[in-house]
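In what follows, a single structure is set out as structure tokens and then discussed.
The values are calculated or read from the model by the stated rules, or taken from the named source; none is laboratory data. It should be emphasised that the depicted structure is a prediction, and the values quoted were computed from it without experimental measurement. Positions of Cβ are backbone-derived with ideal geometry, glycine not excepted, and every protein chain shown enters the neighbour counts.
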Amino acid sequence: MDSKKFEKVSRALSDPNRIVILQKFKKKKDCLYCSEIHDMLDLAQPSISHHLKQLVDADLLLPEKEGRNLKYQLNEAVVNDYIAFLNALKG
């Protein structure tokens, strides 16, 4: 992971709502639909869409269209690269 990608992921992780969204994937283990995320959080739909877009732009979530709905999967490769980048800083 290069430093620009690291910065983009760090920005995406800087919002507590986005952290909560990512934590939901840990419990679900496969994918989440936008409507499921809306049911879990006390946020308006436009706010959830904004947070999901930030996570997708940082490649933390992979969107997949299924009919009229979008489902999201956690991009574990990016998460692992991010952790490896942090560990490399540690020495």
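Okay, here's what the table says:
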{"item": "Matching strands (runs of 3 or more DSSP E) fully within the chain where at least 2 residues are out of contact with any Lys or Arg (no Cβ under 7 Å at 6 or more places or on another chain) and buried (at least 16 other Cβ atoms within 10 Å of the Cβ)", "result": "61-66, 69-74"}
{"item": "Test for LYS53: is it free of Cβ contacts under 8 Å to residues at least 12 places away in the same chain and within 30 Å of LEU89 (Cβ to Cβ)", "result": "yes"}
{"item": "The listed residue being within 14 Å of the chain's Cα centre (by Cα), of a type in the set (A, V, I, L, M, F, W, C) and at pLDDT 85 or above, out of LEU89, LEU43, LEU61", "result": "LEU61"}
{"item": "Near pairs, Cβ below 7 angstrom, 6+ apart or cross-chain, from the range 5-17 (over 9 Å from GLN54 (Cα atoms) and at pLDDT below 95) to any residue that is not in a helix (DSSP H, G or I) and not polar (S, T, N, Q)", "result": "ASN17/LEU41; ASN17/LEU43"}
{"item": "Options GLU64, GLU76, GLU7; residue that is acidic (Asp, Glu) and in contact with a strand residue (DSSP E or B) (Cβ under 6 Å, 6 or more places away or on another chain)", "result": "GLU64"}
